[in-house]
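The values are calculated or read from the model by the stated rules, or taken from the named source; none is laboratory data. As the structure is a prediction and not an experimental result, all values here were calculated from the model. Quick reminder, even Gly has a Cβ in these numbers, built from the backbone with ideal geometry, and neighbours come from all protein chains shown. Ligands, DNA and RNA are stripped out before the accessible areas are found, and what is left, the full protein with its side chains, is counted by its heavy atoms. Shrake-Rupley method; radii C 1.70, N 1.55, O 1.52, S 1.80 Å.
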Amino acid sequence: MTNPIPLGVLGYPAGHILSPVLHNKAAEVLGLNYHYLAYEVHPDFLEEAVRGAQAMGFRGLTITIPHKVAVAKLMDELSEDARLMGAVNTIVFEEDGNLVGHNTDGIGWLRFLEETTGEHPRGKKCLVLGAGGAARAIAVKIAQCGAAHLDIRNRTYDKALELAQFVEKSVPSSKVNGGGLDDLYSVADGCEIIVNTTSLGMWGDAERMATTPIPENAIPEDCICSDAVYIPPDTEFLKAARRAGSQIVRGTGWLVYQAAAAWKMWTGVDMPTDIVMEVLNQSLELRLGGES
Ligand code: ATR
């Protein structure tokens with residue numbers, strides 16, 4: 001058998017990254033000769049790492065925290081999503097030597113939302129909690145989808161305001177408000193989609209894991225609640241949303257579907273998302289059980 005075609009993810013730090021589990025499972029199930037590894041790359045060496053991967057015959061790379069914005073400058077071409085989001089999470093090394101930067105964070109989220117709920121942000125009142133990198137991708141995607149209104153709320157008020165302006169500039173037809181976390185009851189009133197992109201609810205710190213980004217009684221009934229946090233898969237926010245009568249969209253699905261979109265670009269083949277989701281859940285159980 002010939003050597004596998006290399007794929008990988010660049011991040012800093014990289015010890016916690018789960019995407020090798022997803023892509024290597026897809027390769028195994030499909031009988032494709034790819035191998036995917038995580039590489040810890042200091043920001044000072046990002047360009048060397050990308051050029052090195054190209055020189056070594058990589059088909060593609062996933063780019064994660066903190067490199068998503070910086071890597072965009074190294075690309076020969078950007079997809080529309082990567083351009084509008086100002087960030088790249090997937091590189092395709094084309095055969096002609098071109099480096100093409102994509103961003104699958106928004107489309108992965110949207111596809112999983114549609115598959116889980118049958119709904120779409122078009123015409124809906126939406127609320128994004130948080131204003132970091134994940135918020136940027138989701139907020140741009142919601143705006144592109146033609147939401148009736150988008151609110152971005154964040155602990156640091158100025159970051160929410162900046163992101164709201166960024167989204168309105170990227171998607172000129174959109175209407176976006178930015179603000180703090182103080183009046184979430186009125187902001188969430190009548191919302192049809194709420195997305196948490198803050199780290200609240202995430203495993204690793206007991207107090208953080210027990211916290212929801214929005215009070216339970218501020219979550220409207222019949223709303224769709226989506227979480228970017230995937231460890232644990234059932235966060236306090238999603239548990240509260242379920243009790244409030246909302247539909248829930250887990251972060252695990254988002255993680256798998258953004259990976260599936262990248263996988264398809266590299267290999268031309270659909271990722272078997274059901275099997276990959278199973279292996280992700282097993283890995284998360286091990287992590288939660290083993291260290292909590
Ligand atoms: P990512 O790229 O994954 O979105 P990030 O850029 O570090 O990560 O963003 C983390 C988000 O979680 C931010 O919106 C952060 O709020 P600040 O901009 O005020 O830092 C939010 N966040 C983190 N801890 C929080 C907390 N204890 N309460 C409220 N929001 C919090």
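Key figures for this structure:
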| item | result |
| --- | --- |
| Residue count for the stretch 101-142, restricted to those that are in contact with a strand residue (DSSP E or B) (Cβ under 6 Å, 6 or more places away or on another chain) and part of a helix (DSSP H, G or I) | 7 |
| Residues of the stretch 236-270 satisfying the condition of being open to solvent by less than 60 Å² (accessible area, probe 1.4 Å) and in contact with a Lys or Arg (Cβ under 7 Å, 6 or more places away or on another chain) | LEU238, ILE248, TYR257, TRP266 |
| Hits in the stretch 171-191 (condition: more than 13 Å from the ligand (Cβ to nearest atom) and crowded, with 18+ Cβ neighbours inside 10 Å) | VAL171, SER174, VAL176, VAL187, ALA188, CYS191 |
| Residues satisfying the stated conditions in the stretch 146-162, i.e. under 14 Å from THR198 (Cα atoms) and open to solvent by 10 Å² or more (accessible area, probe 1.4 Å) | ARG153, ASN154, ARG155, THR156, TYR157, LYS159 |
| Conditions (1) within 13 Å of the ligand (Cβ to nearest atom); (2) more than 21 Å from THR117 (Cβ to Cβ): number failed by GLN165 | (1) |
| The one condition in (1) under 11 Å from ILE193 (Cβ atoms); (2) away from the ligand (no atom under 13 Å from the Cβ); (3) among the aliphatic types (A, V, I, L, M) that ALA143 fails to fulfil | (1) |
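Table: residues versus (1) more than 16 Å from the ligand (Cβ to nearest atom); (2) at pLDDT below 95; (3) surrounded by fewer than 13 Cβ atoms within 10 Å (Cβ to Cβ).
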{"site": "VAL21", "(1), (2), (3)": "yes, no, no"}
{"site": "LEU32", "(1), (2), (3)": "yes, no, no"}
{"site": "GLN54", "(1), (2), (3)": "yes, no, no"}
{"site": "GLY57", "(1), (2), (3)": "yes, no, yes"}
{"site": "VAL71", "(1), (2), (3)": "no, no, no"}
